[in-house]
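Structure first, then comments.
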Amino acid sequence: MSICSNCAAPTPARSSTLESLRARLDELDLLLKALNTERNLLLAESQAVTYPVLTLPNEITTQIFLHCVESDKHSDGHSRPNPADSPLLLTRVCSSWRAVALNTPALWSQVAVRNELPPEILTAWLQHATPLPLDLYIFLNNPEPSSPLIDVCIAHAKYWRIVSCCVPSIEYLRLKDAFDHPELDLPLLSEVKFSFTHSSSADRWSDEILAVRRAPALKKLEVLTPPQTLAVLVDWSQLTHLRHLTGVRIGTCLEILAQCLALEELALETYCDEDLDKASIVSFYRDTPIILPHLRQLSCLLQNAQSPLLYLTLPALVDLTTRYNGVEATATILSAFFRRSAPPLRRIHLSVDDFPIDALLQTLDVLPSSVETAEFSLGRNENSLSQLLGALAIESSRGWGFRAIPALRKLFLHLQVGPIEPPQYEALLALLRVRSQVVHVEVHHRLRVVGPDWGIEKPSKAVVEAFRELGVSRGLQVKVRVLGMISRPFRQPKVWNFGA
């Protein structure tokens, strides 16, 4: 036996082991080469596969992305920075789509700003939208974390196109300063909407004025605030759409409207108390009504001497909605207005609850014969619906058609009463049979439901069959919709469709 094992000659066993290891290594080398060859073949085949969506020109891909963003908008119509929605989702599919999405400003030009949105995300979002005009929908109900978000929005003010704000009063004051900053131009701003999340705090700044200056493209203004809380100063002459629901007094309202000669749509509310400070203005415009030659759509109060209809001449009006109208003055105000304006009216929405039958007939009689769509709001008087249906079915004594709304084609009924009784359905059917030109009827129930039962059942089988027969014979469509203001448990609206 050798004294030093390291100095001894290799034994046969060790030599055999080494040879075996060399042979195994050679086999593994061959296997590795075979696997590399197979891998390279598979890679070559994969790279040769063509994905049609990746071969589209970027312009077409961009249009597809824009449609994706439109379909991913929430029920309020706004885009929110949600990783599960477009456009953020499009940036996570592949590098090609990410590049297209990040280089398409139109995908990022609209955003809803809420308290939970991190300011750095909003900053990056708006940077991707540059240099396109921005549509900002700002909904903030907690002033503490809101300031950084407002700062980001103001930093991009020169790109504002549409700004819709529902904010606490403290944030309103900061936005107000941005609208009227002496060194800030708003060349793209075309639409502004203001409302407030905490109306009770508005008394602290009731003397503040919302002034939107240096906005030559401004066309639409909407101000929804508590009464007597906000004065507005803009270039009224450039507006085409105005919704001023601040309970403005009639004298101030007339001063504004006298400057709005380009208006096409108008919705406003006026105080019913006397405007003593501007009595001379009110008297002047009652004798010399304001002519708005382009106004096509109007929504206003119709009550006593404060109705704007007493002071306006609207020769282009096609759509009129009135609210809270008083029974006594309705026919008189409407009659004088229609005689003075002679508008080509196509649609009217009136509240006729609690109207005696003679007052109802007088009101319907003064409506222009050009009206094709009529909507009527009925409150909790159970007789109002029967009276209305009967009045619409009366034929003219002059033999030229029906006494009221002879061109009627679409009828909408807004009810806050209980279920329509079988006699009322029969009255509706009788009306539809004699008025063969009516092709669309909708009945909307809005009820205060406090229990699990709606209390309204589907019309009887005979009524349903009668509706269907009219649908087959002349294409009549009838829709009954029931909505509970309060329901336990929560229920979706009931909707029944009959006819064509």
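The values are calculated or read from the model by the stated rules, or taken from the named source; none is laboratory data. Owing to the predicted nature of the structure, the values given are computational and were not obtained by experimental measurement. In this analysis, Cβ positions are derived from the backbone assuming ideal geometry, glycine residues included, and neighbour counts consider all displayed protein chains.
If I filter segment 438-479 down to residues being at pLDDT 75 or above and acidic (D, E), which single residue comes out as farthest from N381 (Cα to Cα)? Among residues in segment 438-479 that are at pLDDT 75 or above and acidic (D, E), the one farthest from N381 (Cα to Cα) is E469. Which one is modelled with the lowest pLDDT, of the residues in segment 195-210 that are part of a strand (DSSP E or B) and surrounded by 15 or more Cβ atoms within 10 Å (Cβ to Cβ)? Step by step, filter segment 195-210, then rank; the result is F196. The set of residues in segment 358-380 that are assigned to a helix (DSSP H, G or I), surrounded by 14 or more Cβ atoms within 10 Å (Cβ to Cβ) and free of Cβ contacts under 8 Å to residues at least 40 places away in the same chain comprises A359, L360, Q362, T363, D365. Close contacts from segment 381-394, counting a first residue that is closer than 15 Å to P356 by Cβ and a second that is in a helix (DSSP H, G or I) and not small (G, A, S), with Cβ to Cβ under 6 Å and a gap of 6+ residues or different chains, come to L385/Q424; S386/Q424; Q387/I357; Q387/L360; A391/L360; A391/L361; A391/L364.
Within segment 81-113, the set of residues being surrounded by fewer than 18 Cβ atoms within 10 Å (Cβ to Cβ), within 21 Å of the chain's Cα centre (by Cα) and not small (G, A, S) comprises N82, D85. Restricting the search to helices (runs of 4 or more DSSP H) fully inside segment 86-194 and requiring at least 1 residues that are modelled with pLDDT of 85 or more, of a type in the set (A, V, I, L, M, F, W, C) and farther than 30 Å from V53 by Cβ gives 119-129, 147-155. From the list N6, N40, the one residue that fits, being within 60 Å of the chain's Cα centre (by Cα), farther than 30 Å from T91 by Cβ and either modelled with pLDDT under 80 or part of a helix (DSSP H, G or I) (or both), is N40.
Out of the residues in segment 340-357 that are of a type outside the set (D, E, K, R) and assigned to a strand (DSSP E or B), which is nearest to L292 (Cα to Cα)? Walk me through it before giving the result.
Of the residues in segment 340-357, the ones of a type outside the set (D, E, K, R) are 341-345, 348-352, 355-357.
Of the ones still in play, those that are also assigned to a strand (DSSP E or B) are 348-351.
Numbers: I348: 19, H349: 20, L350: 22, S351: 25 Å.
Restricting to residues being of a type outside the set (D, E, K, R) and assigned to a strand (DSSP E or B), the top hit is I348.
Condition check for S397 on (1) in a loop (DSSP other than H, G, I, E, B); (2) crowded, with 21+ Cβ neighbours inside 10 Å; (3) at pLDDT below 90: one failure, at (2).
Looking only at segment 84-134, residues that are in contact (Cβ under 8 Å) with a residue 24 or more places away in the chain and in contact with an Asp or Glu (Cβ under 6 Å, 6 or more places away or on another chain) come to 1 in all.
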